Amino acid sequence: MSELPNINTDAILGDIRKLSSDEFEGRAPGSKGEELSVQYITDQFKAAGLEPGNPDGTWIQKVPLIDIKPEPPGPFVVKKGGQIRKFKVRDEVVVFSDRIAEDVKLENSELVFVGYGVQAPEYQWDDFKGVDVKGKTIVVLVNDPPITAADGKLDDKMFGGKAMTYYGRWTYKYAKAAELGAAGVLIVHETIPAGYPFSVVKGFADEHFNLVTPDKNAGLAAIQGWISLEAATELLKMAGQDYEKLKAQAKTREFKPVPLGMTASAAIKQSLKTVDSKNVIAKLSGSDPALKDEYVIYTAHWDHLGVGEPVKGDKIYNGAIDNASGVATVIEIARDLTKLKIKPKRSILFLMVTAEEQGLLGSQYYSEFPLYPLTKTAADINLDTVNQWGRTKDLILVGLGASDLDDYAREAAAEQSRVIAPDAEPEKGFYYRSDHFNFAKKGVPALDPHSGVDYIGKPAGYGKMKRDEYTDNDYHAPSDEVKPDWDLSGVAEDAKLFLAIGYRIAQAGKFPEWKPGNEFKAIRDKSLGR
């Protein structure tokens, strides 16, 4: 990597300080903080000598958002003949709607238990076999089907073994319900497999943002939500079914959907407000005429939580690490890529997206309405938080084993005498929880690097201790600010490694590919006509 420029950590720190200052008011979409953030990032890209990234000659991609504020809903009503059970909303059932409508109703919709709600051709798995769920409400289990091998351990060849696949994410289950025309979908919440308590999912029913689509999200299930394990057990008992027996059946390929002989009804009233938000995009045009219409993308989200509930008298959620740090690092990578003597053959895009904290909405919008064809996009490299505690011997790749991007990262790390390591908690599905995921869903190989944990000159366990400290004290809190004890020497190494990955993809003779068996490989192959 000697041919690549060194990273200027003073410049990164300066950008973090500015973006996370109180002046920017926590960078919420649709706020003064958005205006300041978009202008500042644009100014840095201009100063770096980049071109406007939008083919229309601007630095922005408009992202239409809708602010949905629901009123407290009534009960979730289940009927079986003359028997009626009213489940308490928020205590037993959490329901919400992403449809852009003031009144949304679920009226006497037939309930069907569909196991894990998965259709995975590569595993010969179909939980919907033989049943049309259009207009019905499906009840699904959380996570992937946990398939055990002959030795009693989780089978690594089925749904990632211990690691979660996309099929296990709640977002997949809602998307599958919409695809199949279901009117409603309820995920059975279990704390251990979900990785968080039921209290967390209650936030789904609060005020939230979504994208404005041409059909006003009419293609989504009218009612989406969660049901507690206790309430689900009661619901199934009312249908004459045993939860544990159904769950055991759902772990097999032979499982077939179970009509419950009951109907569900719910009604939601909500107020709507449109918000015109923005992705910021810059471009470094490729030097090779044959390859300049192919692209490598660096992404980071500029938004945070804005102004909220005061904590110790501070109400500005500054988001220094999450994710002013990622934006600042991408800006510095952009500056350095413009300085190279041998210019990248492919074009490189720098996409700073909005509304990640609202559900990856800015990157979702780009993936649905790309400014450059995704079939011409070689890869996405996403930076969501960076290392502020010093140099490490390792670099974590969430989703290690997914694509050829691992090999690029491994080679660049070796040149720094470092190693690549997997996520220590693959069962939590972190790969599906940041902006790169929206590119992966469309088949574009996507890299999700995280800070290493083996710190040079520090005792064993230091990395985990600092991560836990940040999670417990600063994550999504007003205290996520620049700290006097930060050591950005690790950022210098990491950013140079990320620069090397992007540059070498831009120079490569072919696109990186998904590894055989990955859930996104078939999507990519189909999009490229393979």
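Bear in mind these aren't lab numbers, they're just calculated from the coordinates by the rules spelled out. Model, not experiment: these values are computed from the prediction. Please note: Cβ atoms are built from the backbone with ideal geometry, for glycine as well, and neighbour counts cover all protein chains shown.
Data for the structure
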read-out	value
Tilt relative to the chain, helix 489-507 - C-alpha long axis, 0 to 90 degrees, to 10	90
Fewest-first ranking of 236, 13, 405, using other Cβ atoms within 10 Å as the exposure measure	13, 236, 405
Qualifying GluC sites (Glu not before Pro) for the range 154-225 [loop in DSSP, other Cβ within 10 Å: at most 13]	207
Label zone at residue 47 (point 7 Å along Cα-to-Cβ), backbone N below 15 Å, the range 317-346	328-336
Difference of contour (0.36 nm per residue) and Cα-Cα distance, residue 341 to residue 10	116.8 nm
DSSP-assigned coil residues among trypsin sites (Lys or Arg not before Pro) in the range 480-524, each with at most 11 further Cβ atoms within 10 Å	510
In the range 14-110, trypsin sites (Lys or Arg not before Pro) in a DSSP loop with at most 16 other beta-carbon atoms within 10 Å	88, 90
Residue-span extension gain [residue 416 to residue 1] - 0.36 nm each, minus C-alpha spacing	148.6 nm
Quarter of Cα convex hull surface for the range 383-491, i.e. mean projection, nm²	7.4
Evaluated over the range 1-42, the Cα radius of gyration and Dmax, each in Å	13.6, 42
Mean projected area in nm² (Cα convex hull; one quarter of hull surface) for the range 296-349	4.3
FRET efficiency, residue 394 to residue 32 (Cβ-Cβ, R0 51 Å, nearest 0.05)	0.80
Under 9 Å, Cβ to Cβ, from residue 293 - net charge with Lys/Arg +1 and Asp/Glu -1	+2
Size descriptor, Kirkwood hydrodynamic radius, that averages inverse alpha-carbon separations across the chain, Å	24.2
Net charge dipole size for the chain [Lys, Arg +1 and Asp, Glu -1 on Cβ; Debye, nearest 20]	1240
Efficiency of FRET between residue 241 and residue 471 - r from beta-carbon atoms, R0 41 angstrom, step 0.05	0.60
Efficiency of FRET between residue 215 and residue 90 - r from beta-carbon atoms, R0 22 angstrom, step 0.05	0.15
Equivalent ellipsoid semi-axes - Cα gyration tensor, the range 68-272, angstrom	27, 19, 16
